[in-house]
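Asks: Sharing a structure, written as structure tokens. Questions coming.
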Amino acid sequence: MTDDYFTTPISHHIWDTKYRYRANNSIVDNTIVETWQRIAGALAGVESYEQSRWEEQFYNVLEGFKFLPGGRIQAGAGTQRQVTLFNCFVMGLIEDSMDSIFDHLKQGALTMQQGGGIGYDFSTLRPRGTPARTTGTIASGPVSFMRIWDSTCATLLSTGARRGAMMATLRCDHPDIEEFISAKKGGQELQNFNLSVQITDEFMKAIDRNDEWALVFPVDELGHDSAGRKTVLRRWTGSGSPVPCHILRHVRARSLWDEIMRATYDYAEPGVLFVDHINRSNNLWYCEHITATNPCGEIPLPPYGACNLGSINLTCFILEPFTTSARLDMDGISETTATATRMLDNVIDVSQFPFLEQAEQAQCSRRLGLGITGLGDALVMLGLHYGEQDARDLASDIMQTICYTAYRTSVSLADEKGPFSWFHRDNYLKGEFVRTLPSDIRDGIANYGIRNSHLTAIAPAGTISLLANNISSGVEPIYSLSHSRRILERDNTHRTYDLCDYAYDLWQQKQGAQAKLPRQFVDANRLSAIAHLDMQAVLQPYVDNAISKTINVPEDYAFAEFRDLYRLAYEKGLKGCATFRPNPITGAVLATAGEGRHAAHCCSVEREAD
């Protein structure tokens, strides 16, 4: 067998360095076909009947990159490696003590060592300058401890040639929020972290009213330093209900908002998580509270939560591209979705986990994150402009089909194999997202339960999209028709590849290199910021987890307009948002050899858990 499935050198390189199975430096996967066979066989192995049929069916959706399981699945399934097949974890609650801090540091290091990307909420750590309850020593604050995590991550190389990836979140009312916002200003620190501020509904209302905004911390954690301070009730990280919190100081809500927006304008972070929306729409609203996500934000998770990922490659379902008869094979997408849902559910039973708490969360909720990639290229191949309504309408139809097919498949799996352990029929059916599902799905859940608590997410899918011959990644438009990209090698050096977008390359093959490009060939930086947000917004109603999406704006984009982007994301019902404007600190998202001197962007290949 040959590797004729690869049409670009970088795709073969990605497979060879990240997903090709080697045992004791000996090659096991001689071709990508053998990689697909390995994955299909491993995931079919948990089936209680007709394993050979399921293996064949799993292989069929893998072949030709139609379905792209998350990177940890491709790298680890069917191997002898001591690794997790889960891309995404949120680690446990960090108690404000040195024992707890370093216990969780160790857990994070071991999780990254096995290949998982991790997220943390650092809001439980006392603000800088407050005394400890028992020793009287002065706290150095959450950001100082994040530096320890960052240094630890820098020493670890996860499965294959991939640096560990981390997400740090902090509440918008934590007294150290301003230090957190500016933590990456110099471009030298916390380069292994993505940063996101937890934004509440109350904070957004305070911005609208131009109110003073209280920065607070729980009374019980402040101890004797709290005497005489005013108190408010807040549901703090780790608390099941509101607890008394002392007000340490006030800031103007709009001023704090401007600090967030100025930071992300100048050096691309922090992003924002709209945590009240995340929790209102959480299918497990009745048994968990979420304050953090995986490294790229598409999977909000409770403490020790875990999720595995997979993306359907939309470019494989375009028939007669670049012709007047170009069309989408929606039936093929639906069939692939059904098989992919079963595959990802089986991953839960095949995977290892660094810690028992992670295994319990994964096995009791059976969360999945099935999404799409290649959207930008698929639209171009169909003659649709990413920034226009007909493109959004089709994208919405695609995601609706995937969502509803996945839910129907999960109901059938529950009938066959049983629902997830934490399923509570009445509470689950009351969920905000579940109430939007068609009546046949809700009736099925009522009668049979559902196998998986969550089913859809849209990941950045950067690495697996390179694997699939450089298709546009995730829900993003084409980044550029051609560019250079630096990729991490197995020996921790970098190599630069000249890349051509998949759809652009196909157009040239069909029409010739000199043929005039049709107007639908629009790249990320020629789209308005609103066009980016609108595409994310039409997909969100069919995504029960979240969406990793970068709102790209040009370097000369005025701050007066930029400062409203996160507010617009909130108004459009998104669960989070990240922006990117080329800048001297981070350079460009996809950088040539001389660009991007310091920190990689939050959703670049080397920062995603892919």
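Asks: Check Arg526, Arg519, Arg567 and return the single one that is more than 23 Å from the chain's Cα centre (by Cα) and over 17 Å from Pro582 (Cβ atoms).
Replies: When all the criteria are applied, what remains is Arg519.
Asks: Can you tell me which of (1) in contact with a helix residue (DSSP H, G or I) (Cβ under 7 Å, 6 or more places away or on another chain); (2) of a type outside the set (A, V, I, L, M, F, W, C); (3) surrounded by fewer than 22 Cβ atoms within 10 Å (Cβ to Cβ); (4) at positive phi is the one Glu55 doesn't meet?
Replies: (4)
Asks: Pairs under 7 Å by beta carbon, first residue under 30 Å from Met98 (Cα atoms) in segment 200-221, partner buried (at least 20 other Cβ atoms within 10 Å of the Cβ) and β-branched (Val, Ile, Thr), six or more apart or different chains?
Replies: Hits for this filter: Thr200/Val275; Leu215/Ile177.
Asks: One residue is enough: does segment 209-224 have a residue meeting the conditions among the small types (Gly, Ala, Ser), within 30 Å of Asp544 (Cβ to Cβ) and modelled with pLDDT under 95?
Replies: Checking segment 209-224: not a single residue is among the small types (Gly, Ala, Ser), within 30 Å of Asp544 (Cβ to Cβ) and modelled with pLDDT under 95.
Asks: Restricting to segment 24-66, give me the number of residues that are among the aromatic types (Phe, Trp, Tyr) and farther than 19 Å from His13 by Cα.
Replies: 4
Yes/no matrix, rows are residues, columns are (1) in contact (Cβ under 8 Å) with a residue 12 or more places away in the chain; (2) among the aliphatic types (A, V, I, L, M); (3) over 13 Å from Phe203 (Cβ atoms):
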residue	(1), (2), (3)
Ser239	yes, no, yes
Cys245	yes, no, yes
Leu248	yes, yes, yes
Ala253	yes, yes, no
Ala263	yes, yes, yes
Leu273	yes, yes, no
Ile278	yes, yes, yes
Leu284	yes, yes, yes
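Asks: Given the options Arg252, Arg280, Arg262, name the one that is over 24 Å from the mean Cα position of the chain (by Cα) and modelled with pLDDT of 95 or more. Walk me through how you get there before you give the answer.
Replies: Values: Arg280 fails: over 24 Å from the mean Cα position of the chain (by Cα); Arg262 fails: over 24 Å from the mean Cα position of the chain (by Cα).
From the options Arg252, Arg280, Arg262, the qualifying one is Arg252.
Asks: Give the number of residues within segment 291-300 that are in a strand (DSSP E or B) and touching a helix residue (DSSP H, G or I) at 6+ places or on another chain (Cβ under 8 Å). So that I can check it myself, show each step before the final result.
Replies: Keep residues of segment 291-300 that are in a strand (DSSP E or B), which gives 292-293, 300.
Subset that is touching a helix residue (DSSP H, G or I) at 6+ places or on another chain (Cβ under 8 Å): 300.
Of the residues in that region, 1 qualify.
Asks: Right, next: Of all residues being without any contact (Cβ under 8 Å) to a residue 60 or more places away in the chain and farther than 20 Å from Phe203 by Cα in segment 558-583, which is surrounded by the most Cβ atoms within 10 Å (Cβ to Cβ)? Just the residue, please.
Replies: That would be Pro582.
Asks: I would also like to ask the following. Criterion first (at pLDDT 95 or above and polar (S, T, N, Q)) does Thr124 satisfy it? Explain how you work it out, then say what you get.
Replies: Working: at pLDDT 95 or above: yes; polar (S, T, N, Q): yes.
Answer is yes for this residue.
Asks: Go over the candidates Asp176, Asp150 one by one and state the one that is in contact with a Pro (Cβ under 7 Å, 6 or more places away or on another chain) and either at pLDDT below 95 or more than 15 Å from Ala268 (Cβ to Cβ) (or both).
Replies: Answer to the selection: Asp176.
Asks: In segment 407-455, which residues are of a type in the set (Ser, Thr, Tyr) and within 19 Å of Asn279 (Cβ to Cβ)?
Replies: Answer for segment 407-455, where residues must be of a type in the set (Ser, Thr, Tyr) and within 19 Å of Asn279 (Cβ to Cβ): Tyr428, Thr436, Ser453.
Asks: Across segment 497-527, what is the total count of residues that are among the hydroxyl-bearing types (Ser, Thr, Tyr) and modelled with pLDDT of 95 or more? Break it down stepwise before answering.
Replies: Residues of segment 497-527 among the hydroxyl-bearing types (Ser, Thr, Tyr): 497, 502, 504.
Now narrow it down to the ones that are modelled with pLDDT of 95 or more: 502, 504.
Adding up the residues that qualify gives 2.
Asks: Out of segment 243-270, which residues are under 29 Å from Pro582 (Cα atoms) and β-branched (Val, Ile, Thr)?
Replies: Ile260, Thr264
Asks: Output the residues belonging to segment 418-439 that are surrounded by fewer than 15 Cβ atoms within 10 Å (Cβ to Cβ) and either in a helix (DSSP H, G or I) or within 24 Å of the chain's Cα centre (by Cα) (or both).
Replies: Arg425, Asp426, Lys430, Glu432, Arg435, Thr436, Ser439
Asks: Which number in (1) at pLDDT below 95; (2) over 22 Å from the mean Cα position of the chain (by Cα); (3) of a type in the set (Lys, Arg) marks the one condition that Arg442 misses?
Replies: Only one criterion in (1) at pLDDT below 95; (2) over 22 Å from the mean Cα position of the chain (by Cα); (3) of a type in the set (Lys, Arg) is unmet by Arg442, namely (1).
Asks: Is it the case, given these coordinates, that Arg327 is among the basic types (Lys, Arg), modelled with pLDDT of 95 or more and within 20 Å of the chain's Cα centre (by Cα)? Quick ask: steps written out before the conclusion?
Replies: Numbers: among the basic types (Lys, Arg): yes; modelled with pLDDT of 95 or more: yes; within 20 Å of the chain's Cα centre (by Cα): no.
Spelling it out, it is not the case that Arg327 is among the basic types (Lys, Arg), modelled with pLDDT of 95 or more and within 20 Å of the chain's Cα centre (by Cα).
Asks: For Ile445, state whether it is touching a residue at least 60 places away in the same chain (Cβ under 8 Å) and either of a type in the set (Val, Ile, Thr) or in contact with a Pro (Cβ under 7 Å, 6 or more places away or on another chain) (or both).
Replies: Values: touching a residue at least 60 places away in the same chain (Cβ under 8 Å): no; either of a type in the set (Val, Ile, Thr) or in contact with a Pro (Cβ under 7 Å, 6 or more places away or on another chain) (or both): yes.
The answer is no for Ile445.
Asks: Now a separate question. Specify which of the listed residues (Leu195, Leu190) is under 19 Å from Gly576 (Cβ atoms), modelled with pLDDT of 90 or more and part of a loop (DSSP other than H, G, I, E, B).
Replies: Leu190
Asks: Shifting gears a bit: Is one or more of the residues making up segment 356-376 modelled with pLDDT of 95 or more, of a type in the set (A, V, I, L, M, F, W, C), crowded, with 21+ Cβ neighbours inside 10 Å and in a helix (DSSP H, G or I)?
Replies: Scanning segment 356-376, I find at least one residue that is modelled with pLDDT of 95 or more, of a type in the set (A, V, I, L, M, F, W, C), crowded, with 21+ Cβ neighbours inside 10 Å and in a helix (DSSP H, G or I), so the answer is yes.
Asks: Please count how many residues of segment 451-501 are within 25 Å of Arg22 (Cα to Cα) and among the β-branched types (Val, Ile, Thr). First the steps, then the outcome.
Replies: So the first thing to find is which residues in segment 451-501 are within 25 Å of Arg22 (Cα to Cα), and the list is 461-470, 486-497.
Among the residues that remain, those that are also among the β-branched types (Val, Ile, Thr) are: 463-464, 487, 493, 496.
Total satisfying the criteria: 5.
Asks: Then there is this: Exactly one condition in (1) modelled with pLDDT of 95 or more; (2) in contact with a strand residue (DSSP E or B) (Cβ under 8 Å, 6 or more places away or on another chain); (3) hydroxyl-bearing (Ser, Thr, Tyr) is false for Tyr5; which is it?
Replies: (2)
Asks: I've got another one for you. Give all pairs with beta carbons closer than 6 Å in which a residue from segment 485-505 that is part of a strand (DSSP E or B) meets a residue that is aliphatic (A, V, I, L, M) and surrounded by fewer than 18 Cβ atoms within 10 Å (Cβ to Cβ); count only pairs at least 6 apart in sequence or on separate chains.
Replies: Close Cβ pairs satisfying both conditions: Thr496/Ala593.
Asks: Quick one: in segment 314-328, of everything that is aliphatic (A, V, I, L, M) and either in contact with a helix residue (DSSP H, G or I) (Cβ under 8 Å, 6 or more places away or on another chain) or in a helix (DSSP H, G or I) (or both), which residue is surrounded by the fewest Cβ atoms within 10 Å (Cβ to Cβ)?
Replies: By that ranking, first place goes to Ala326.
The values are calculated or read from the model by the stated rules, or taken from the named source; none is laboratory data. Quick caveat, the model's predicted, so the values are computed rather than measured. In this analysis, Cβ positions are derived from the backbone assuming ideal geometry, glycine residues included, and neighbour counts consider all displayed protein chains.
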